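The values are calculated or read from the model by the stated rules, or taken from the named source; none is laboratory data. Quantities reported herein were computed from a predicted structural model and do not represent experimental measurements. Ligands, DNA and RNA are excluded from the accessible area calculation, which covers all protein heavy atoms including side chains. Shrake-Rupley method; radii C 1.70, N 1.55, O 1.52, S 1.80 Å.
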Amino acid sequence: MDHRQLRDNIRTFSLDDCARGNQGYNRVLLQLFGYTGHGKSSLINSCIYALDDAGRFIEHAEAQDQDGGKTMIRKAYELTGNITMVDNRGYNRMDGFQRAEVYAQLGNFIPIGERVVWRDNYTDMMTIVERSDMDPNYTDFIVPVLVYSVKVGLSERTELKIFISNCIKMTGVAPIIVLTQKNSGDFWDMEKRFKLIGAETVIAVENYTKESQIKTLGRTTDFLMFINGAIKQVKFRMEQTRNPQEERVQRKIFLLQYIHEADKKQEEEKRERERSQEEANSRKGVWGWYNWVLRR
């Protein structure tokens, strides 16, 4: 398909037209995740710009090019009446309770529009899960999207491999990998490395920005291909019988298990620090006694 056909395919897509109908889903949610400063917000701006065949570039999502990121609140940006992109809070690392917080966003256990605060204890994380049951969201068809900058290079391979695997466990959909800043490194090599750790779909793009907003056919097509790739994922999964409410239950079970494991690991690390401190104090006491004897 050329860019016009791709654009029309996105605009006319409806869950009602899937093989078994919508099966209880209301919209497709493209859930964007990634390390801070890798281009999630810029990707949203670029996709909106690529879909608008006549409009000017607008910075709908506030982008941050340097490390740190600006997104603190889960924000939704409507591409069409049936497809929405969500800018989730970026992270500097993915371990322990911070990773649990990422999965809470992925599973829609943190409402869109709510500020995301990195929590570091079992009680706070459990509160998130319990509150989500007051107004459960199970009508969004979730497509995970991992945004990663080619410029940075692939260093956290183990963490990313775990994330890809857990996205599939939570949503039943393999995350789409979007490589940003494709002109700042060897994106072909990056694509190969991601596929070696379990990625199925990898798309490289060069985001539009205020400083670089002249539309070109290649750049625009890349963004439209990304959105169409998500639609293909949805249509494939919707060929099978789905139960949105049951799938939310399974996501909750996964998250609860993860929170429990994170708590166990935190307690083990705490005990190990305490043992190390006790041993250090003991050695200090022995040396103190030895020096006292020498002085006598």
Helix-only [θ] at 222 nm, the chain, -39500 (n - 2.57) per DSSP H run of 4+, per residue, nearest 500, equals -16000 deg cm²/dmol
Between ASN22 and residues 5 or more places away or on another chain, the pairs with built amide H atoms under 5 Å apart involve none
Put TYR258, TYR208 in order of accessible area, largest first, probe 1.4 Å, and you get TYR258, TYR208
Amide H neighbours of TYR35 at under 5 Å, excluding residues fewer than 5 places away on the same chain, with H built from the backbone geometry, are TYR91
Heavy-atom accessible area per residue of the stretch 123-282, all protein chains kept, 1.4 Å probe, expressed in Å², is 53 Å²
In the chain the accessible area split gives carbon plus sulfur, as whole percent at 1.4 Å, a share of 47 percent
Sorted largest first, the C-alpha extents of the chain along its principal axes in whole angstrom are 92, 43, 33
Looks like the stretch 152-253, by Cα gyration tensor root eigenvalues a ≥ b ≥ c and the a/c under 1.5 rounded cutoff (else prolate when a/b is bigger than b/c, oblate otherwise), is oblate
Here the relative contact order (percent) of the chain, from C-alpha pairs under 8 Å and at least 6 apart, is 24 percent
Among GLN181, GLN213, GLN31, the residue with the largest mean-square fluctuation in a Gaussian network model of the chain built from Cα contacts under 10 Å is GLN213
Nearest 10, in degrees from 0 to 90: the angle of helix 3-12 to the longest Cα principal axis of the chain is 80 degrees
The convex hull of the Cα atoms of the stretch 111-184, divided by residue count, gives a volume in Å³ per residue of 144 Å³
Computed over the chain: longest principal axis from alpha-carbon atoms vs helix 244-295 long axis, angle to nearest 10 degrees, is 30 degrees
Measure of exposure for MET1: accessible area at 1.4 Å probe, Å² rounded to 10, is 130 Å²
Between the Cα axis of helix 40-51 and the main Cα principal axis of the chain, the angle (0 to 90°, nearest 10) is 0 degrees
Expressed in square angstrom to the nearest 10, the accessible area of ARG219 with a 1.4 Å probe stands at 40 Å²
